[in-house]
Structures are given as C-alpha cells and as structure tokens.
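In what follows, a structure is listed as structure tokens, so that the remarks can point back to it.
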Amino acid sequence: MAVHDKVRTIGRSGLEVLDIAVSRQCTVEIKEPRDTLALTRRLNGVKLDVVDDPNFAGLKFGQTIPWGSIRASGPEGLRISYRVRTGRDVTGSPEF
C-alpha cells in the first residue's frame, strides 16, 4: 500500500516509536545508522517482543489486531533514517 522514508531523533527516554500499525502488516528497516539500535515490537498492543536484527523488524497482520508497533532504543539525540513499508508493499526481507 505504501513506502515511506522517515527521519526521527531518539528523545530523552532513549526510545522512539517508529511505526504503529492497526490491522495491517508492516516492516521497518533502518537506513542510517546501521547496527547501532535495538528494535522491539509491541504485539497486539500488549506483548513486547525483542527483534534479533537491529536493522529490520516486521509485523504480520495478526500481530496488529488491535494494533502493533515497532520501536527503536538508542542514545538520546541519535538521528535515525528509516523506511516503512505497509500492506502489499511489505517485502518481508531487508532491502538495504
């Protein structure tokens, strides 16, 4: 459905929500800086899931009911460039 390139800066909490998905699959891939963040997923709005790959995380349709999110942890002030894919544009594998 969509591909978006976004930029965020990690705030004081050291945590930044990169994408929230409601009843749709999605992936987040870090473009810059690579290998420096920790990605986590909030599944079905409740369960926290740590992702092994620090550069890529995805949510399946069933994991986003009622909603799911992908978050990044890192040092305060770190600027993140990343790509979000949703719906039919989800590749399921890293692009960068």
Query raised in the report: Cross-link partners among aspartates and glutamates for Lys60, C-alpha distance below 14 Å, same-chain residues fewer than 8 apart left out?
Result: Asp19, Asp49, Asp89
Query raised in the report: Among the aspartates and glutamates, which fall within straight-line cross-link reach of Lys31, defined as a Cα-Cα distance under 14 Å, with same-chain neighbours fewer than 8 residues apart omitted?
Result: Asp5, Asp53, Glu95
Report summary line: Averaging 1/r across every pair of distinct alpha carbons in the chain and inverting yields a Kirkwood hydrodynamic radius, in angstrom, of 13.0
Report summary line: In the chain the accessible area split gives carbon plus sulfur, as whole percent at 1.4 Å, a share of 52
**Report entry** Mean Cα-pair separation over length for the chain, i.e. relative contact order, pairs under 8 Å, 6 or more apart, %
**Finding:** 46
Report task. Over the chain, average the accessible area per residue using a 1.4 Å probe and give it in Å², no decimals. Result -> 55
Query raised in the report: Could you give me the ³J(HN,Hα) list for segment 3-20, computed from phi with Karplus coefficients 6.51, -1.76, 1.60 and θ = phi - 60°, whole Hz, x at Gly and Pro?
Result: 10, 10, 9, 10, 9, 9, 10, 5, x, 4, 6, x, 9, 9, 7, 8, 7, 10
Query raised in the report: From the backbone phi of segment 65-81, what are the Karplus-calculated ³J(HN,Hα) couplings (6.51 cos²θ - 1.76 cosθ + 1.60, θ = phi - 60°) in whole Hz, Gly and Pro given as x?
Result: 10, x, 7, x, 9, 10, 10, 10, 10, x, x, 4, x, 5, 8, 10, 10
Report summary line: Inter-part gap, Cα centre of segment 17-56 to Cα centre of segment 59-96, in whole angstrom, is 4
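The values are calculated or read from the model by the stated rules, or taken from the named source; none is laboratory data. This is a predicted model, so every value here is computed, not measured. Remember, those area values only see protein heavy atoms, side chains included, never the ligands or the DNA or RNA. Shrake-Rupley method; radii C 1.70, N 1.55, O 1.52, S 1.80 Å.
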